[in-house]
Amino acid sequence: MNEDETVPADVAHEEEIPEDHPRYQDLLTRHRIETGVEKGITHLQGMHAEGRGSAFDYLLGEETIPSADAAERAAAAHLLRADHPVLSINGNVAALVPGEMVALADAVDAALEINLFNRTDERIAAIADHLREHGAEDVKGLEADARIPNLDHQRAKVDEDGIYTADVVLVPLEDGDRAEALEAMGKTELVIDLNPLSRSPQVAEVPIVDNIIRAVPNMTAHARELADASADELEEIIEDFDREDALEDAENRIRSGL
């Protein structure tokens, strides 16, 4: 029997996907991306990007490996210690984890900012409304009154009081050229990416090799646990995290399955 035969051919709501299905998380992300395209939140190219991520997640065993959990804890410590943290949101992020991003922003007192490669006023407005429907009160990215240096496309457009002046930025599902440009600005980058060999995690201070639908809730849980931690305790968590070990561990898991 095909593994998807237990799922309705036309899934109108994600609640119709049985949670005991062996590929539940993959089916869930597929459905959310499709719904995002229908709502004008996600660009069609986002479906291809999600497909690539799904393949890497399959090789990781579709679970949060210990090194990824350590990265999520270190990322939470960075956000809690930051003076001006910002969580960047593109179309796929908005479709996959809108409420979870709002919860993380609340847990670490961070701003939410929309940043798109295929930027239109209609998509920006649709994503902003979508985030507000999931509890966001203040959404940045609408003004786009500043630019990231040495970046020519639409993703160079950011808010001056958002990503442009942020000290720590969470950039999930990000392309490498923008990640490199943010690094050149001196930002501390926290990247969620299922491919440990792509440029984004390679330049990140904290590369999180995990599915975003697991990673963001995990970061929020760590942030809430660390809410009362002292500056020294947060610094110790940050110093103890080894980005090279995390990348190597994820690559070994993907290559060997062990």
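The values are calculated or read from the model by the stated rules, or taken from the named source; none is laboratory data. Worth saying up front: this structure is predicted, and the values here are computed from it rather than measured. With ideal geometry, Cβ positions are generated from the backbone for all residues, glycine too; neighbour counts draw on all protein chains shown. Remember, those area values only see protein heavy atoms, side chains included, never the ligands or the DNA or RNA. Shrake-Rupley method; radii C 1.70, N 1.55, O 1.52, S 1.80 Å.
Restricting the range 55-116 to GluC sites (Glu not before Pro) that sit in a DSSP loop and have at most 14 other Cβ atoms within 10 Å of their own Cβ leaves 63.
Using a probe of 1.4 Å, the accessible surface attributed to residue 164 totals some 90 Å² when neighbouring protein chains are kept in position.
The length gained on full extension between residue 62 and residue 133, counted as 0.36 nm times the residue separation minus their Cα-Cα distance, comes to 22.7 nm. Per residue, the range 176-258 exposes 46 Å² of solvent-accessible protein surface, assessed with a 1.4 angstrom probe and all protein chains in place. Across the range 79-92, rounded Karplus estimates of 3J(HN,Hα) from the backbone phi angles (6.51 cos²θ - 1.76 cosθ + 1.60, θ = phi - 60°) give 5, 5, 7, 5, 7, 9, x, 9, 9, 7, 10, 10, x, 5 Hz, Gly and Pro being marked x.
Between the beta carbons of residue 244 and residue 184, assuming R0 = 30 Å, the FRET efficiency works out to 0.90 to the nearest 0.05. The GluC sites (Glu not before Pro) of the range 114-182 meeting both criteria, a DSSP state outside H, G, I, E and B (loop) and at most 10 other C-beta atoms within 10 angstrom of the site's C-beta, are 137.
Projecting label points 7 angstrom from Cα along Cα→Cβ for residue 224 and residue 236 puts them 2.4 nm apart. Once the cut-off is 17 Å, how many percent of the Cα-Cα pairs in the range 187-258 end up in the long-distance tail? The proportion of pairs with Cα distances above 17 Å equals 51 percent.
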